[in-house]
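Visitor: Shown below is the structure under consideration.
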C-alpha cells in the first residue's frame, strides 16, 4: 500500500498566483520527517522544505511554506507568487524512525506543475 | 558546481547484459543512496550505504548489487539486465539519516531492450 499519497498528478496555474499541493501519508511512528522535493525539467532533484513531526512551527523557505495537519496526517506545500520556473514535478517524501535506526525516504508519485506566463 | 554526479546520463542495454551505473559525490557525506523512478511511481530505494566498503539493501534490491569502494563513489550493478529494469535511476547523498535533506544527482535514464 502506498504510504505517501499525492492525489493530484497535475496542476496548472498562471504566473503570480498561489498553488497548494497536497500530500497525505501513513505512519505509526511518533517521530518522522516530511520533505518536499522538486524534480526539474533538467533532471535535477532539488530539496525545497522540511517538516519535523515534533515541530509546531510553520515552516517557510522563501516562497515555499507548508501547512502541516498532523492529526490528519496531511502536509501541503504552498508556493506563492508563482513563476514559470516553478514548473516541474513536486514530490512529497516521508522519513520515519524505526527501532533499527531509521530508513530512507519514501516518496509519493509526484504532482506535475505547469505555470503559464 | 554539481556535488553529486552520475554517469552515464543515459544508456541502452540489452537483456541479459551487465550494466554499471556510477555515482560520485563531493559533499563529504557518509550516506549514499540509489533510487529508481518509474512512470506513475515515486522514487523507490534500491540500495544504500553509510560507510565505504559496506552496502545495505533498500526496499527493492532484487536484481541489483551495489558497491561503495570509497566515500565518494557508489555504483549500482545490474548483473543480468531485464526489461523490467528500464527506469530512471537517481543517486543521492546525505550527511546522516533523519531530518537531513538528500542531495540528488541528475539521474540516469536506462533502457533495456
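Every read-out reported here was derived from the displayed coordinates using simple, explicitly stated rules and does not represent laboratory data. All values reported here derive from a predicted model rather than from experimental measurement. A quick note on method: Cβ atoms are made from the backbone with ideal geometry, for glycine too, and the neighbour counts reach across all protein chains shown.
Visitor: Could you check the spin-label model distance between residue A:41 and residue A:8? Points 7 Å from the Cα along Cα→Cβ, value in nm.
Guide: 2.0 nm
Visitor: Sticking with this structure for a sec: What relative contact order, as a whole-number percentage, does chain B give when Cα pairs under 8 Å and 6 or more residues apart are counted?
Guide: Numbers: 300 pairs, mean separation 40.5, N = 113.
RCO, chain B: 36 percent.
Visitor: May I pose another question? Pop a pseudo-label 7 angstrom from the Cα along the beta-carbon direction at both residue A:15 and residue B:11 and give the gap in nm to one decimal.
Guide: 4.1 nm
Visitor: For an R0 of 30 angstrom, estimate the FRET efficiency from the Cβ-Cβ distance between residue B:27 and residue A:112 and round to the nearest 0.05.
Guide: It comes to 0.60.
Visitor: At a threshold of 8 angstrom on Cα-Cα distance, excluding pairs fewer than six apart, so keeping six or more, what relative contact order does segment A:16-117 reach in percent?
Guide: Values: 211 pairs, mean separation 32.0, N = 102.
Answer for segment A:16-117 is 31 percent.
Visitor: Give the Kirkwood hydrodynamic radius (Å, one decimal) of the protein assembly as shown, defined as one over the mean of 1/r across all pairs of different Cα atoms.
Guide: 18.2 Å
Visitor: For B:83, A:19, B:45, which order do you get if you count the other beta carbons within 10 Å of each Cβ and list the fewest first?
Guide: Lowest count first: B:83, A:19, B:45.
Visitor: Right, something else. Gap in Å between the Cα centre of segment B:71-104 and the Cα centre of segment A:30-84?
Guide: When both Cα centres are located, 23 Å separates them.
Visitor: With a 10 Å cut-off between alpha carbons and a GNM built on chain B, which of B:16, B:58, B:42 moves the most?
Guide: Fluctuation is largest for B:42.
Visitor: Just check segment B:1-96 against the gyration tensor rule for me: Cα atoms, a ≥ b ≥ c as the square roots of the eigenvalues, rounded for a/c under 1.5, and otherwise prolate or oblate depending on whether a/b exceeds b/c.
Guide: It comes out prolate by the Cα gyration axes.
Visitor: Given the options A:93, A:104, A:81, state which has the largest fluctuation in a GNM of chain A using a 10 Å cut-off (strictly under) for Cα springs.
Guide: Highest fluctuation among the options: A:104.
Visitor: Ratio of alpha-carbon Rg to the 2.2 N^0.38 Å globular estimate for segment A:36-117, to two decimals, please.
Guide: Values: Rg = 13.8 Å, N = 82, 2.2 N^0.38 = 11.7 Å.
It is 1.18.
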